[in-house]
Amino acid sequence: MKLEIIDLWKKFGANVVCKGIDLAVNEGEMVCLIGASGSGKSTLLRCINLLEPVDDGRILLDGLEITDPEQDPQPIRQRIGMVFQSYNLFPHMNALENVLLAPRRITGRSRAELRPMAEALFERFNLADRMGHYPDQMSGGQQQRVAIIRALAMKPEVMLFDEVTSALDPELVGEVLDVLRQLKAEGMTMILATHEMGFAREVADKVCFLDAGRILEEGPPEQLFERPREPRTAEFLSRVL
Amino acid sequence: MGASERQAAPAGSGAAGRESGLSRRERRERRERRRSMLIAAASTAIAIAAIVILVPMTPGWEKVQKAFFNEAVFVKTFPKLLEAFWLDVAMFLWCAPLIAVWGLVLALMRDARSPALYPLKLFAILYSDLFRGVPVILVIYLIGFGIPGLGLPRPWNSPYIWGTVALVLSYSAYVAEVYRAGIESIHESQRAAAVSLGLSHGDMMRFVVLPQAIRRVIPAAMNNLISLQKDVALVSFIGPVEIFRQAGVYKSLYANFTPYVGAALIFLVVTVPATRAVDRMIARQQRRQS
């Protein structure tokens, strides 16, 4: 088991967003979280990346409890990459600098030493000609792909994607989904919060339907999409498909 | 320039080939422009004429003219005033970087989020309340007269040192608020992105938040620097003979206020271009953000 979430609870004030979530993710697996806005998908991802402290429950990464308050969150976050809906590139740095910042600061190695690694990533995702561009000189799709490269540059073991295509113009969604397919083919362990049902059905190993802070139903995509057991799942799917 | 170019554009597209070369709308706009310029010129001329004619008709004008606009006194004192102004410039030059640094430290203290650092945050809050709540001149008096009164040996009784300290303490409270506004204007998602990559809090501030925040607040900080250049003159109250005090010396010597007018002119020569430059910076930044 690569990542295991056990009875996770998270509330913001009186608003309980995660109500006892259990989830297991195997090495190399892609898990898609689907559900209406506010169902707890983003919060779950933010908890896994330790951007939000959990109120109760445990998250294990390779058997190590990362939610232990004694645990220093910084090395854990380096093992888990995260990509956001609004890209969140650093606007005052060009694409290459965006990608190099964290590796430089964390490994202490120089730009020159790290540059080949970054260049290889840009080439792998067909962005070599954009390395010197600033975020505002790139399309949304390009920015999101740079954000993915930035996360990959830390060589994470797990990647979290928080509705990474939701802010994109429809014609740019494809190029980002292609990157995700490529990562999946390369064996990356991934968790996606997504509204792209067609993509989830095609690529995911497991789909989880979240409803009001709980995983109401989970299973392989063909089962969940074709023969949902829960009436709420069927109702949600009929609304979005 | 820009306006006329913009107005020329429709002529090329819409009204090309017309006899006059101008569309009807353009002719009307040109007529209106000419009319409003005439009105502005006429009303300005009337206002100036009124001042030039009416002010000398006031009963005290001759005395005021002799006391404030005395050419002989002006010529005699101006070079020395200019020389004394260098002290203002020098004090400005060593205060400004200290204010920039101490203001940043205060802003970072105020941004502290971990409970262990709460005392620093509280200190920064109280500091800003204190020094923004007291007039600069009072801070200069209290520090400039109070601390040397402890009987410190030279050079620690110098009014230059304590005048500088007073200005830095006061102004950094304002500049810290400017920095803070910049830091808070950087969206939380930038912090999340930095932290999710595994960067430490310090690296996040240094490489992600501050470079963006400082760029945004440079124009506002420059406005503070312009008022600092003027307020440097307040240090004269505890001793240093800079331009304001030098003008005061001449006022007593010649029993004439013209040196003050000279001093004002020297300040204007520095502050007006600086203010214009900052206005342009702000305008440019607003254009870029929109």
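The values are calculated or read from the model by the stated rules, or taken from the named source; none is laboratory data. What you see is a predicted model, and the numbers here were worked out from it, not measured in a lab. Note that each Cβ is placed from the backbone with ideal geometry, even for glycine, and that neighbours are counted across all protein chains shown. We work out accessible area using only protein heavy atoms, side chains counted, and drop any ligands, DNA or RNA first. Shrake-Rupley method; radii C 1.70, N 1.55, O 1.52, S 1.80 Å.
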I'd like the mean, over residues of B:188-195, of how many other protein chain beta carbons sit within 10 Å of each residue's own Cβ. 6
Local charge sum around B:Pro56 (other residues, Cβ-Cβ under 13 Å, Lys/Arg +1, Asp/Glu -1)? +1
Using a Gaussian network for chain A with springs between C-alpha atoms less than 10 Å apart, which of these wobbles most: A:Glu196, A:Glu27, A:Glu230? A:Glu230
Need one number for chain A: average projected area of the convex hull over its C-alpha atoms, nm². 13.3 nm²
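Hey, what did the range A:26-95 get for relative contact order, percent, Cα under 8 Å, at least 6 apart?
Working: 29 pairs, mean separation 13.4, N = 70.
Reported as a whole number, the value is 19 percent.
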Write down the radius of gyration of the range A:44-150 and its Dmax, each obtained from C-alpha positions, in Å. 15.7, 46
Could you check what % of the DSSP bridge pairs in the protein assembly as shown are antiparallel, to the nearest 5? 55 percent
Connecting every pair of Cα atoms under 10 Å apart in chain A and solving the GNM, the largest mean-square fluctuation among A:Lys41, A:Lys206, A:Lys155 falls on A:Lys155
Considering the Cα trace of chain B, what is its radius of gyration and what is Dmax, both in angstroms? 26.9, 88
Expressed as a fraction of 2.2 N^0.38 Å, the rule-of-thumb size for a compact globular protein of N residues, what is the C-alpha radius of gyration of the protein assembly as shown? 1.39
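Need one value for A:188-197: mean number of C-beta atoms belonging to other chains within 10 Å of its residues' C-beta atoms.
0
Would you be so kind as to identify all helices of chain B, as entire DSSP H runs, whose Cα atoms reach 20 Å or more along the helix's own axis and whose mean Kyte-Doolittle hydropathy is at least 0.0?
Helices passing the filter in chain B: B:71-111, B:118-133, B:159-185, B:210-231, B:258-289.
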Hey, what's the Kirkwood Rh for the range A:114-229 if you take every pair of different alpha carbons, in angstrom? 15.5 Å
Averaged over its residues, how many other protein chain Cβ atoms are within 10 Å of peptide A:146-158's Cβ atoms? 1
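Going by accessible area, probe 1.4 Å, with all protein chains left in place, what is the ranking of A:Leu23, B:Leu104, largest first? Walk me through the numbers before you get to the answer.
On the way: A:Leu23 5, B:Leu104 40 Å².
Accessible-area ranking of A:Leu23, B:Leu104, largest first: B:Leu104, A:Leu23.
D for the range A:104-150, whole µm²/s, Stokes-Einstein with Kirkwood Rh over alpha-carbon pairs at 25 °C and 0.890 mPa s: what number? Intermediate results must be reported in sequence, preceding the final value.
Values: Rh = 11.3 Å.
It comes out at roughly 216 µm²/s.
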If amide H atoms are built 1.01 Å from N in the plane of the peptide, which residues on other chains or at least 5 residues away come under 5 Å of the amide H of A:Leu33? A:Leu192, A:Ala193, A:Thr194, A:Cys208
Simple spin-label model, 7 Å along Cα-to-Cβ: B:Ile161 to B:Ile39 in nm? 6.3 nm
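How much of the accessible area of chain B, in percent, comes from carbon and sulfur atoms when a 1.4 Å probe is used? Before the final figure, lay out each step's value.
Numbers: 11530 of 17210 Å².
Carbon with sulfur: 67 percent of the solvent-accessible area.
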Estimated FRET transfer efficiency (A:Ser37, B:Ala274; beta-carbon r; R0 60 Å; 0.05): 0.75
Positive end of the charge dipole of the range A:1-107 (Lys, Arg +1 and Asp, Glu -1 on Cβ, about the Cα centre): tell me which of A:Pro75, A:Gly40, A:Pro91 has its Cα farthest that way. A:Pro91
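Report the charge-dipole magnitude of chain B in Debye, nearest 20, computed about the Cα centre from +1 at each Lys and Arg Cβ and -1 at each Asp and Glu Cβ.
Numbers: 33 positive and 18 negative charges, 236 e Å.
Using Cβ point charges on Lys, Arg, Asp and Glu, chain B gives about 1140 debye.
Span-like helices, chain A: DSSP H, alpha-carbon axial extent 20 Å or more, mean Kyte-Doolittle 0.5 or greater, which ones? Walk me through the numbers on the way to the answer.
On the way: long enough: A:170-185 (23 Å, 0.33).
Span-like helices here: none at all.
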